[in-house]
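To start, the structure itself, in structure tokens.
The values are calculated or read from the model by the stated rules, or taken from the named source; none is laboratory data. Everything numeric in this text was worked out from a predicted model, so none of it was measured. Cβ sites come from the backbone with ideal geometry, for glycine too, and all protein chains shown count toward neighbours. Keep in mind that these areas ignore ligands, DNA and RNA; they rest on the heavy atoms of the full protein, side chains included. Shrake-Rupley method; radii C 1.70, N 1.55, O 1.52, S 1.80 Å.
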Amino acid sequence: MINIHEKSMIDPYKRWMYAHHLFFVLIQGLIVAHRDLLKALEEHNRGSAISAFNLATNLFWGSTAAFRFGTDYSAEEYDSIVRPTMGPPDYSSGFSDLQSVDHSALLILISKLTSHFKNLPNELQAAYQGYLSALHAVYENHAYVCEKFVGRKGPSLLQKTQGSEKSVSAAESIRTVYKKRTMKYAGVENQCPFSNDEGK
Amino acid sequence: MKTNAAELFAINFPLTKKIIDEEMVLSPGAKEIAHDFLSLSRDFPLEKLEKHLYRLLDKYQKTVPGKMGKIDQPDISELQKEHERYFYITRYENNIGDLMVENIIQSYLRFLSDSQLGHHLTPIDFGHIDSSLKSLMQYLLSKEEANND
């Protein structure tokens with residue numbers, strides 16, 4: 001491991017890009033895992049369901065580390081080097097990872113699993129709880145990197161395009177909108193099972 | 001020419017339809033490479049691990065059938081000039097299982113190479129990335145073996 005006190009040779013743009021290469025593979029793996037989980041639960045195949053749950057859990061934890069890997073430079077470097085590549089003139093405004101086809105497909109798959117998640121047999125509960133813990137961590141890490149780069153009040157590029165930049169920050173959106181939505185798909189209603197706040 | 005964010009997503013040719021529709025078949029060459037990948041230890045020095053991964057990619061590109069896919073924008077030859085030969089380009093005309101084997105190795109190699117330039121990751125973070133890619137490769141192999149039973 002490189003001594004963090006030495007001058008880093010990191011190229012922020014390449015670091016951002018290579019982290020996204022990791023994300024692409026992880027998301028594609030998550031699609032495989034959720035596709036197989038849906039099939040296993042429909043067929044009451046508990047062994048396959050546990051394998052698919054465990055794969056998804058591992059891939060979620062990989063994603064949490066990939067967030068930190070991909071943002072391992074300063075906010076100033078992000079603003080001056082990485083962020084300009086995400087907008088005009090090279091790209092239309094409002095760039096967001098939400099535009100990823102694979103990411104959308106993953107969310108649709110998770111939403112198809114909701115009724116199964118709410119009726120899991122006891123033998124699958126341990127695997128399911130591990131899955132939820134990892135899923136929660138993914139969103140928290142995403143919010144963390146947003147806060148690092150745009151601050152606690154800063155909007156995302158998508159929010160700026162939508163004109164919603166003054167209402168809620170990017171990090172807050174992730175925690176209160178996107179995480180809440182996905183945890184609901186994952187069978188968790190209203191209350192975050194990992195804290196005492198009421199689903200915030 | 002610097003690749004912009006949009007090109008990054010264009011390069012990662014969306015595999016959604018193939019992943020959802022196709023069975024995860026591995027060609028014999030890809031299966032062998034997947035086994036080789038799983039035998040690599042995270043305890044190896046990073047440089048040694050990196051060399052092994054380059055060898056696996058070489059072996060993949062020489063032994064696993066498939067053609068480079070077409071991408072409309074940007075011109076692929078320009079990107080290949082900008083990046084070294086192992087730039088992450090999905091060969092989508094391969095079967096999906098083989099594609100994922102290559103993608104896993106490519107992304108691990110990128111991660112390892114770039115992490116040597118500097119990082120603040122903990123050993124647990126390294127473990128998560130290593131474990132997630134290994135578990136995906138193991139899963140692909142297990143499905144392949146289950147399909148053949």
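Please arrange B:31, A:179, A:112, B:62 by accessible surface area, largest first, computed with a 1.4 Å probe and ligands excluded.
The ordering from most to least exposed comes out as B:62, A:112, B:31, A:179.
Within region B:93-149, report the GluC sites (Glu not before Pro) that DSSP leaves as loop and that have at most 13 other Cβ atoms within 10 Å.
Sparse-neighbourhood loop GluC sites (Glu not before Pro): B:93.
³J(HN,Hα) across region B:131-136 via Karplus (A = 6.51, B = -1.76, C = 1.60, θ = phi - 60°), whole Hz, x for Gly/Pro?
5, 5, 6, 5, 5, 5
Give a residue-ordered list of calculated ³J(HN,Hα) values for region A:132-141 (Karplus: 6.51 cos²θ - 1.76 cosθ + 1.60, θ = phi - 60°; whole Hz; x for Gly, Pro).
So the Karplus estimates, Gly and Pro as x, are 5, 4, 5, 4, 4, 4, 4, 5, 5, 5 Hz.
Would you mind getting me the FRET efficiency between residue B:48 and residue B:21? Use the beta-carbon distance for r and R0 = 41 Å, nearest 0.05.
0.60
Hey, can you list the residues from region A:62-82 whose accessible area shrinks by 40 Å² or more with all protein chains present, relative to the chain by itself (probe 1.4 Å, no ligands or nucleic acids)?
Checking the loss per residue gives A:65, A:68, A:69, A:72.
Given a cut-off of 25 Å, name the pairs among B:18/B:62; A:14/B:134; A:14/B:31; A:39/B:143; B:31/B:51; A:179/B:18 whose C-alpha atoms lie farther apart than that in the structure shown.
A:14/B:31; A:179/B:18
How big a patch of accessible area, both sides summed and in Å² to the nearest 100, lies buried between B and A at a 1.4 Å probe?
Interface between B and A: roughly 4400 Å².
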